[in-house]
Amino acid sequence: MAVCIAVIAKENYPLYIRSTPTENELKFHYMVHTSLDVVDEKISAMGKALVDQRELYLGLLYPTEDYKVYGYVTNSKVKFVMVVDSSNTALRDNEIRSMFRKLHNSYTDVMCNPFYNPGDRIQSSPGGPYFLCPIQSRWALLPVSDPVQVGPTPVSDPVQVSPTPCVRSSPGPLITW
Amino acid sequence: GQKMSLSVLESMGFRVGQALGERLPRETLAFREELDVLKFLCKDLWVAVFQKQMDSLRTNHQGTYVLQDNSFPLLLPMASGLQYLEEAPKFLAFTCGLLRGALCTLGIESVVTASVAALPVCKFQVLIPKS
């Protein structure tokens, strides 16, 4: 399943980036950053082609030897990037699309949260609104107080984002671009 | 005083507009140009918020759009004609912010003002500066 997901604002800075804790996070940050170029290419290619159908789902951006990177862009030019393990061949296009759709729904819920200021980092903290994360084989809530130590909690049922007011914790030491 | 409260109302409308601009065009695919975005505002946004479409949209194709609503639901129950003309801006500030916020999420910086000649007809003017 997905080993890393990222939500990137239209000005190309990260709003939310999470990867499985066993891997080197910096590597994924770098991969997501490089995939932004491919995303921009695809967007401008779509703009030039005079096709009526313009998809939000961008598809496979580029494969590496270990991972595949998928992209999705919303109408408000917010980009979602997902890095998937190549060894997981059971993952089909439809599943990736549905993961992106759920991510889009969660992002829309975050936008509608009156306590969230657009453009801020998205915080995922215990007792607050959970940003749904499709890492691991199930939808897992990521209750993190400190963004560096990611400890996903496996949940047996998929859980929806709850729009409860959240107390914002101070921004963690994630790398800013 | 009056100006402060109007700008507070407008900024509230702006935040709501930003959220709506994210939620409403969910599955509708990309807007090709500014006019498409304005049409979306007149049809989808207005219907979602006021259960009716905007009555007319005019443009000079230079970045100025005038959206006219002949029976604006917030002014309709107030009066018909020239009575309460001075009170009308209070009811329009939030809506101006709503339009500005939705445009902002869809990538367009703009200035939105509203004017009332006679209730309940009102015009929203959207100015999009050319960069």
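The figures follow:
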item	result
A:ILE43 accessible area, assembled protein chains, probe 1.4 Å, Å²	30
Accessible area (Å², per residue) of the range B:2-127, counting only protein heavy atoms and a probe of 1.4 Å	49
Hull-based mean projected area of chain B, where the convex hull spans the alpha carbons, in square nanometres	7.9
For A:56-63, mean number of other protein chain Cβ atoms within 10 Å	1
Highest to lowest packing among A:30-38, B:78-86, A:113-121, A:12-20, scored as the average C-beta count within 10 Å	A:12-20, A:30-38, A:113-121, B:78-86
Percent accessible area from carbon and sulfur atoms, the range B:14-89, protein chains only, probe 1.4 Å	54
Partner chain coverage, peptide B:31-43 - average Cβ within 10 angstrom	1
Cα-based reach from B:LYS52 at 17 Å (exclusive), listing aspartates and glutamates while leaving out same-chain residues under 8 positions away	B:ASP44, B:ASP69
A:GLU11 accessible area, 1.4 Å probe, all protein chains in place, Å² to nearest 10	120
10 Å Cβ neighbours from other chains, averaged over peptide A:72-78	5
Choice from B:ARG32, B:ARG58, B:ARG23 with maximal GNM fluctuation in chain B (Cα, 10 Å cutoff)	B:ARG32
B:LYS130, A:LYS79, B:LYS90, ranked by accessible area, largest first (probe 1.4 Å)	B:LYS130, B:LYS90, A:LYS79
Total charge dipole magnitude, chain B, about the Cα centre, Cβ charges on Lys, Arg, Asp, Glu only, Debye to nearest 20	40
The range B:2-127, relative contact order in percent, only Cα pairs under 8 angstrom and at least six apart counted	37
Stokes-Einstein translational diffusion, the range B:58-114 - Kirkwood Rh over all Cα pairs, 0.890 mPa s, 25 °C, in µm²/s	190
Buried accessible area, chains B and A (both chains, 1.4 Å probe, Å² to nearest 100)	1700
Residue-averaged 222 nm ellipticity for chain B, from DSSP H runs of 4+ at -39500 (n - 2.57), nearest 500	-12500 deg cm²/dmol
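The values are calculated or read from the model by the stated rules, or taken from the named source; none is laboratory data. Quantities reported herein were computed from a predicted structural model and do not represent experimental measurements. Ideal geometry is used to build each Cβ from the backbone, glycine not excepted, and the neighbour counts take in all protein chains shown. These area figures cover heavy atoms from the full protein model, side chains too; ligands, DNA and RNA do not enter into them. Shrake-Rupley method; radii C 1.70, N 1.55, O 1.52, S 1.80 Å.
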